[in-house]
Each structure stands twice: as C-alpha cells, then as structure tokens.
Amino acid sequence: MFTGLVVFSDLDATLLDHQTYSFQAVLPALKKMKERNIPLVLCTSKTRAETEVIAGELGLKHPFIVENGGAIFIPEGYFPGSFYKKARVKVTRKEGYEVIQLGVPYRRLRSVFKMMRKKTGLKMVGFGDLSVKEIASVTGLGQKEAEMAARREYDEPFFLENSFECRLIENLPNPDEHIIGQNHSVGPVPGEAAGFWPDQKSEDTEDRDKLYSQLKELALSCGLEITSGGRFYHLTGKNDKGRAVRILKRLYRLQLGKIITAGLGDSENDWPMLRAVDLPVLVARPDGRQVKTPGIGVKLIRALRPGPAGWAEAVDFILFMVDLFSAENRKETGKKQGGRHG
Ligand SMILES: [Mg+2]
C-alpha cells in the first residue's frame, strides 16, 4: 500500500525565478508538503554552499543533490547508518553531513576544460576563469551569493563566444565596479530585457547546436560530459541528477517502504532526474521556448507557467492526485477488511 511521496526539484528557473531568484510563489504549496511530512530534495547544478543557504531559507532539513549529481549531502543521522550498506553506497562524513560523492573533482574538470579550449580554439569562459564580481555579473547574483557559486567541487559551468554572458564580460569597462544586484531579490539582468539573452531564437542557434555537439564529443573522449542548463553549459563527470535521485530512492524505500516519487525541472540537465521518478514535471521555460522533451516513457506533466508559479501549480496537482490515490487505496483496503470481518 502507498505510504509516502518524495519530491525532487531543480532550483534555477524551476523552484527559483529565472531572473529574480525569488521563491515566494512556492511557499503555500511547500507549506502543504511540510504539513504532510513530504520530503523535498533539492537537486541542482548549484554548489553545496549555495544550496545550503536556499535550503535554510526554505526551512528544509532533507538531503540535497548538488552540482548536477556531483554529490549528495545528507544531514547526519537522517537515515540509520545501516541503510548505506544495504543501499550499497559509500558515505564519508563531512561537516555535519553524510556525503555520497559521485562526481569528478573540480581540478580535473578544469584541466580538461583548458585542454578543450586549446584544442578547439574557441572562446570558452568557465567560472574558474572569472572573478567573484564577474560571476555576479553573468549570473545576476549578489556578491555574497556569487562567492558561494564560485566554490565549485564537481561541475564547471561555462559559456561560449557570442553569448550574452561573453558580451557582458567583454563590455564591462571595469568588472570590479559592475555588480548586478545585492541579494536574491535582484531585478532583471541588464541586457535580458533588451532581448539578447542566449535562449532567444536567432541565426546563431544552429551554429551553437553544432558547437555544442562537437564539445560534447570532445568531453566524452576524456570520460566527461557536457550538459546544457537553463543559462550555462556544464562540464561534469558522468554523474547526473538521475543517478543521485536513484540512490536516494533506495534509501527512502528502506525508510518509508513503498514510495511515489515526483521530480520537477525545466532543462536538459533535468532529464536524468525526470527519467528516474514516477511523476516527472516539466516546468515551462521563462521565454516560452519549447524544449526537446526527454524520452522518458511515462507521461510528462507540464506546468504551463514558468518558474515558481508553475512549480506551485504542479505540486498542488500532485498532492491532489496522491490524496485521491490514497483515499481509493483506503477504500479498497476497507472493503477487503470489511469483507473479511463480515
Ligand atoms: Mg533549471
């Protein structure tokens, strides 16, 4: 019989607004989840430092997956120690967490990234090439958040020549003085409103797709992967969000018995996560762009609104469906028991 729901969620442009990083719209739905003790597992390309802060602001004390499945951070004591052996995973203890590491160390990613740049002659700019203030500029984060975004462990986000970010960096008269926004509630990134954000359909799209495939092949030849997030490309090990989700599913099953899992995302790097859950939700892109849907073999739930508004809509729908399912189940069990007693 069904006993529990576990929800996995991407952050950027899914639970957080693409431009402002606000999550206000999810709060009523999140409150309902908390009242029902439904775990919300954040599953993001962000770093541990960034995710910790957002989890704190959302009042979450559940495990979280960082840097595109690079590692799972589980609050110490969240699962009994014996579960890890049963789930066949290795954990290390670090600063109040039980950590399951799945990714390739950042140092190795950087050396392959530099090799790729040399080999292709392309202008590729990674977070490792940028100052904290430049990271603030290209992400729209405040100084403090950009510092946390710079603390990479398993994922190198990057952008290419002719992208909006590249132009932004090139046009900074003095990067030290160019900081966009001071906190999560920043306004639109200048330029985005002007309409040259890279998601925009343009003549460059085909060239960019071609470049992307070439880079992907080169990364593969080094045992690494490139995926496209909402805003940046990401160079990682062969870890992905899906592998991390499947490990947590094993642990939650040991704890809760039979579970139903839902996953919410908006970009290509969410497909492995969406493939790993029972109820995959695709949140609309903020620019209305239709993304290629993942071949996941189960019916995709589409949230028509983008970002946190779409997130809230989808979670409300899932809670309603799960309640209906549980009520049906109770009725069935009642009938069987009634039959036995009668
Ligand atoms: Mg996203």
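The values are calculated or read from the model by the stated rules, or taken from the named source; none is laboratory data. It should be emphasised that the depicted structure is a prediction, and the values quoted were computed from it without experimental measurement. Every residue, glycine as well, gets a Cβ built from its backbone with ideal geometry; the counts of neighbours run over all protein chains shown.
Which residues, counting only those in the stretch 253-279, are surrounded by 19 or more Cβ atoms within 10 Å (Cβ to Cβ), farther than 18 Å from F325 by Cβ and more than 10 Å from the ligand (Cβ to nearest atom)?
W271, P272, M273, L274, R275, A276
Give me a count of the residues in the stretch 1-18 that are within 13 Å of the ligand (Cβ to nearest atom) and farther than 14 Å from V315 by Cβ.
Within the stretch 1-18, the subset within 13 Å of the ligand (Cβ to nearest atom) is 8-18.
Going one step further and asking which of them are farther than 14 Å from V315 by Cβ, we end up with 11-13, 16-18.
Counting residues in the stretch 1-18 that are within 13 Å of the ligand (Cβ to nearest atom) and farther than 14 Å from V315 by Cβ gives 6.
Taking the criterion of being free of Cβ contacts under 8 Å to residues at least 60 places away in the same chain and under 24 Å from P157 (Cα atoms), would at least one residue in the stretch 298-318 satisfy it?
no
Can you report the number of residues in the stretch 145-168 which are surrounded by fewer than 18 Cβ atoms within 10 Å (Cβ to Cβ) and either at pLDDT below 90 or assigned to a helix (DSSP H, G or I) (or both)?
5
Is there a residue being modelled with pLDDT under 95, within 16 Å of the ligand (Cβ to nearest atom), under 26 Å from Q24 (Cα atoms) and not in a loop (DSSP other than H, G, I, E, B) anywhere in the stretch 229-240?
no
Does the stretch 71-79 contain any residue that is within 16 Å of the ligand (Cβ to nearest atom), assigned by TED's automatic domain parsing to the domain that holds P272 and touching a residue at least 24 places away in the same chain (Cβ under 8 Å)?
no
Looking at A25, A71, can you tell me which residue is aliphatic (A, V, I, L, M) and farther than 30 Å from L324 by Cα? It would help to see each step written out before you state the result.
Numbers: A25 fails: farther than 30 Å from L324 by Cα.
Result of the check over A25, A71: A71.
Within the stretch 31-41, is there a residue that is among the acidic types (D, E) and either touching a Lys or Arg at 6+ places or on another chain (Cβ under 8 Å) or away from the ligand (no atom under 15 Å from the Cβ) (or both)?
Yes, there is a match, as at least one residue in the stretch 31-41 is among the acidic types (D, E) and either touching a Lys or Arg at 6+ places or on another chain (Cβ under 8 Å) or away from the ligand (no atom under 15 Å from the Cβ) (or both).
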